[in-house]
1. Under 20 Å Cα to Cα from Lys21, which lysines show up? Leave out anything in the same chain fewer than 8 places away.
2. With a cut-off of at most 14 other beta carbons within 10 Å, and DSSP calling the residue loop, which GluC sites (Glu not before Pro) in the range 23-61 qualify? Please list them.
3. Suppose R0 equals 30 Å; then what is the FRET efficiency for His13 and Lys138 from their Cβ-Cβ distance, rounded to the nearest 0.05?
4. Please figure out what share of the DSSP beta bridges in the chain is antiparallel and state it in percent, rounded to the nearest 5.
5. Longest segment of the chain with no chymotrypsin sites (Phe, Trp or Tyr not before Pro) in a DSSP loop having at most 14 other Cβ atoms within 10 Å?
6. Using +1 at the Cβ of each Lys and Arg and -1 at the Cβ of each Asp and Glu in the range 1-110, identify which of His48, His100, Tyr88 lies farthest towards the dipole's positive end.
7. State to the nearest 20 debye the size of the charge dipole of the chain about its Cα centre, where the only charges are +1 on K and R beta carbons and -1 on D and E beta carbons.
8. 5 Å is the cut-off here: which amide hydrogens, built 1.01 Å from N in the peptide plane, fall below it relative to Leu57, excluding neighbours closer than 5 in sequence?
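Only the coordinates and a few stated rules stand behind these numbers; no lab work does. This structure is a prediction, so every number in the text was calculated from the model and none was measured. Neighbour counts run over all protein chains shown; Cβ positions are idealised from the backbone, glycine included.
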Amino acid sequence: MPHENMPVGVSPHLIVNGAAKAIEFYKAAFGAQELRRVPAEDGVRLMHAELSLDGTLIYLCDDFPEFAGGRSRTPEALKGTPITLHRYVPNCDEAVARAHAAGAKVIMPPEDQFWGDRYALIEDPFGHSWSLATPLAKG
């Protein structure tokens, strides 16, 4: 049972090469707010960071293969990711343009979809997949 100050819900925990740069990307691309960062003993990597995005916590850290049986766990090392982080945004086209300007790769540009969203897919500079969508006006 969570204590009263513990957030409830699911928070993604992203592993990247260059967590400090990733924080700056997420701030520029998505308007994330940095809440906390904990540097590693090596003074280079981040052991832990917390961001707030749309009222949700996102955890972030640098890759630490030495704590994972010698294996890297970044999307680059895994040659992709099976997970897509999804965000509803007020304007899909503007959100994609902002993320692209910050360094994201557009995988699928914004398009109206049969299920009722304007939808796009991007990849951040650290290999994580994000979908962005805006519900289409019903009419």
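1. Partners within reach: Lys105.
2. Here the sparse-neighbourhood loop sites are Glu41.
3. Calculated transfer efficiency: 0.25.
4. Close to 70 percent.
5. Free of exposed loop sites, the longest segment is 1-113.
6. My answer, from the dipole projection, is His100.
7. Using only the charged Cβ atoms, the result is roughly 120 debye.
8. Under 5 Å from the amide H of Leu57: no residue qualifies.
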